[in-house]
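Engineer: Dropping the structure in here first, questions after.
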Amino acid sequence: MGKPSTFCTSKFHCRYSRPSTHMYHASSAIETRTTGEISPLLPHHSAEEAFVLQDSDDTRASFGNAELREKLERNLLRKLDTKLSILILIYVLNYIDRNNVAAARLRGFEEDLHLNGSQFATVLSILYIGYIILQIPSNMALNYIGRPSLYLPGCMAVWGIMSCLTGAATTYFGVLCTRFFLGFVEAAFFPGALFLISKWYKRNELSQRTAYLSSGSLIASATGSLIASGILGLMDNNLGVATWRWLFFIEGGLTVFVALCAAFILPDFPETSSGWLSPAERTLAMQRMQEENHYSSTSGDHNQLKTQLDGLRSAVSDPKVWWLAATLASLTFSLSWNAYFPSIMATIGYSPTVTLLLCAPPWFVATAIAITVSRHSDYAGERCWHITFSMVIGIIGFTLARSTMNATIRYISLFFIAQSYTGHICFLAWASGTVSQTPAKRAVALALMNSVSSVGNVFGSYIWPTKWGPEYNHSFLICTFANALSIAMCWVFRKHLANLNKAAAKKEALDNGVEGYRYIL
């Protein structure tokens, strides 16, 4: 039938379209009239494949096109949610492999490796040194390669091996080395996963999906305790191997197995995915991101190295990225109790097995709250108030924990404290949506924020010394101040974004322009 026509990818309706390097060419492309009707020249195409992908008043006014887009979008999101659900399981194992030393500590980890003083805290913090170093280069590499289906599972298999090697460590130096390289490789996952979902979902869909992803850490904290309790109970010095070593061997081996499966399940980016989406769904996925971020994924400089360096410069020179990074660091510091949760729970006075079992309920409740609040945040199109609500509840929990050693009250306080992860999850969605511009910048910005925030984990590892226990009053007080600082920084940032929105609205009013991009507050 001659040369294929192209989709008009402009935000405004086009009267005609002609081939251009700034437009998508697809095998399902069709000729359209100015009304958006399907050309009678191509009766063999399905309605979905013949849908005109454009965001214009004319399209929205046409009931048929709007209905087809809505149906196609539902199918796309359903497939995407199914594919990306594997990220939750990966994050569960990521968190378990990172924090299983807390459970191992209850069964002879420190004694067998002859740790004393602050050496256990150093074992915890050394992981985040490797974590900080690799996050930005890793996300730049992920954006350059464009194949998260291979890159992320590959890193996962390596960190599973490193977890197994932790179980084989016999000295303080040995465990420091395995923990450092564990963090070095684990660094690829979380910022990479955030970048992956930000390449598929719009801003008003991000908080809920970020909540589902981040719920992996909450589920890991709950199920990790249950799994550790089972392993430590069943593998009691079997085959002459210390019980805590079995914990690393079994959980690390499970990680390697899931990594092999994930390579066949994870999707790539919209522009590099194939096989599991129809041509129309793939084109819609790319169009959605164009409409959201106002850039053309097919235009511009094809020098990929230059693109990555431009993204690095753009992210590093953006004050918003640094403010978000500093806020996230404060927020992460206030969550430092997570690595010591079993030790804090042990202050209630039960055996190691019962202590690990008691750790699970607060995390299950926290998971339910996080998903509920995040869904409401997406629905309301608001972030700051939702973050504040969660963090204030966390401060109440810290205050209760400091006030008494009564077992019941302290246990209740841990429910309040655990749910403060909801604020962390909503903040990640806020940050991801705020820096969503070019993929190269977003990849670096997300990695930069996570790298800086990991500094909070490094210092937070040292605010729970054994000499401050079992009350840990000083520790809870420090977390309270960090929590309050995070809330204040969120409100300063909200005010800044509100001012940017007002300035944009004023400029549009003067230019008689249509309403453009607005930051979510």
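What follows is calculated from the coordinates using simple rules that are stated; it is not laboratory data. Here the structure is a predicted model, which means the values were calculated and not measured. Heads up, the Cβs are rebuilt from the backbone with ideal geometry, glycines too, and the neighbour counts pull from every protein chain shown.
Engineer: Could you go through region 441-451 in sequence order and give the Karplus-derived ³J(HN,Hα) for each residue, using 6.51 cos²θ - 1.76 cosθ + 1.60 with θ = phi - 60°, rounded to whole Hz, and x for Gly and Pro?
Structural biologist: 5, 4, 4, 5, 4, 5, 5, 4, 4, 5, 5
Engineer: Over 20 Å between Cα atoms, which of Lys320/Lys441; Lys202/Lys502; Lys199/Lys502; Lys202/Lys495; Lys320/Lys495; Lys441/Lys495 qualify?
Structural biologist: Cα-Cα > 20 Å for Lys202/Lys502; Lys199/Lys502; Lys202/Lys495; Lys441/Lys495; rest within.
Engineer: How big, on average over all directions, is the shadow cast by the Cα convex hull of region 344-436, in nm²?
Structural biologist: 6.4
Engineer: Each label point is 7 Å from the Cα along the Cα-to-Cβ direction; what then is the distance between the points at Val492 and Lys467, in nm?
Structural biologist: 3.3
Engineer: Which whole-Hz ³J(HN,Hα) couplings does region 512-521 yield from phi under the Karplus relation 6.51 cos²θ - 1.76 cosθ + 1.60, θ = phi - 60°, glycine and proline marked x?
Structural biologist: Once θ is set to phi - 60°, the couplings for region 512-521 become 6, x, 6, 5, x, 5, 10, 6, 7, 9 Hz.
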